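Notes follow the structure.
The values are calculated or read from the model by the stated rules, or taken from the named source; none is laboratory data. Since we're looking at a predicted model, the values are computed, not measured. When we count neighbours, we look across all protein chains shown, and the Cβ atoms used for this are built from the backbone with ideal geometry, even at glycine.
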Amino acid sequence: MKAVVIPTSPGGTQSTFPKVKISSLGELTTGVTVDFNYPLDNEPNVLVKLGQKAEGGVGPDGDVVAFSDLCQHLGCNWGYVAPGASPKANPSFSASGPVGYCPCHASVFDLTRGAKVVGGPSPRPLPQVQLEVDGSGNIFAVGMGPPSIFGHDTGSTDVSNDLKGGNPVTS
Ligand code: FES
């Protein structure tokens with residue numbers, strides 16, 4: 001497993017997340033997702049402009065958020081579902097707001113509230129990518145919030161352990 005960019009401390013311990021450009025505000029369309037890998041080069045995430053203010057959201061409307069694409073239940077890739085829409089995997093489900101929907105076992109994550117679990121078996125919310133926007137509207141990933149990315153839980157409360165990669169699933 002290879003890192004995107006991993007600064008190391010003098011002792012060689014990986015301790016901080018890299019800063020990586022993801023997109024720019026001018027390139028985003030509400031409800032259209034942008035896939036990117038972070039903090040390792042094989043760790044998938046989804047960025048989306050929700051069209052409504054969200055916890056941790058950036059941009060002039062505070063509505064641009066990004067989360068790990070790996071469901072915290074068993075690691076499937078979830079998909080974005082716009083308010084009032086239904087996922088292909090479950091036409092009978094209608095999203096009451098912008099959510100992430102996991103097609104494997106129907107976990108639902110409220111993307112306006114830090115990917116809080118609002119349905120299905122996921123035991124935890126999705127890790128949120130910490131974003132920054134510069135004066136030109138460029139959007140950068142600068143860190144990951146808890147919990148640990150699926151498959152990287154070392155039992156530590158230090159989420160920067162996720163940078164090390166390759167740890168066994170412990171939950
Ligand atoms: S893997 Fe997502 S709900 Fe089971």
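Side notes on the structure shown:
- So residue 133, is it of a type in the set (A, V, I, L, M) and modelled with pLDDT under 95: no
- Residue check for residue 40: more than 11 Å from the ligand (Cβ to nearest atom), modelled with pLDDT under 95 and under 30 Å from residue 134 (Cα atoms): yes
- In the condition set (1) assigned to a loop (DSSP other than H, G, I, E, B); (2) within 19 Å of residue 138 (Cα to Cα); (3) touching a residue at least 60 places away in the same chain (Cβ under 8 Å), residue 32 is compliant with all but (3).
- Filter result (out of contact with any helix residue (DSSP H, G or I) (no Cβ under 8 Å at 6 or more places or on another chain) and small (Gly, Ala, Ser)) within segment 26-78: 26, 31, 51, 54, 56, 57, 62, 66, 68, 75
- Of residues in segment 58-107 being of a type in the set (A, V, I, L, M) and more than 26 Å from residue 130 (Cα to Cα), the one modelled with the lowest pLDDT: 89
- Single unsatisfied condition, residue 74 versus (1) surrounded by 16 or more Cβ atoms within 10 Å (Cβ to Cβ); (2) assigned to a loop (DSSP other than H, G, I, E, B); (3) within 16 Å of the ligand (Cβ to nearest atom): (1)
- For segment 94-103, the tally of residues that are crowded, with 16+ Cβ neighbours inside 10 Å and within 12 Å of residue 77 (Cα to Cα) stands at 3.
- When residue 129 is tested against (1) near the ligand (Cβ under 10 Å from one of its atoms); (2) crowded, with 23+ Cβ neighbours inside 10 Å, only condition (1) is not met.
Listed here are the residues, each with its yes/no results for (1) away from the ligand (no atom under 14 Å from the Cβ); (2) assigned to a strand (DSSP E or B); (3) closer than 18 Å to residue 69 by Cα.
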{"residue": "88", "(1), (2), (3)": "yes, no, yes"}
{"residue": "92", "(1), (2), (3)": "yes, no, no"}
{"residue": "105", "(1), (2), (3)": "no, no, yes"}
{"residue": "109", "(1), (2), (3)": "no, yes, yes"}
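- For segment 111-139, the set of residues classified as more than 13 Å from the chain's Cα centre (by Cα) and outside any loop (DSSP other than H, G, I, E, B) consists of 117, 118, 119, 132, 133, 138, 139, listed by residue number.
- Whichever residue in segment 60-71 is buried (at least 16 other Cβ atoms within 10 Å of the Cβ) and assigned to a loop (DSSP other than H, G, I, E, B) and, among such residues, is nearest to the ligand (Cβ to nearest atom): 71
- Counting the residues of segment 94-103 that are within 11 Å of the ligand (Cβ to nearest atom) and part of a loop (DSSP other than H, G, I, E, B) gives 2.
- Residues of segment 94-107 satisfying the condition of being of a type in the set (A, V, I, L, M, F, W, C) and within 18 Å of residue 52 (Cα to Cα): 95, 99
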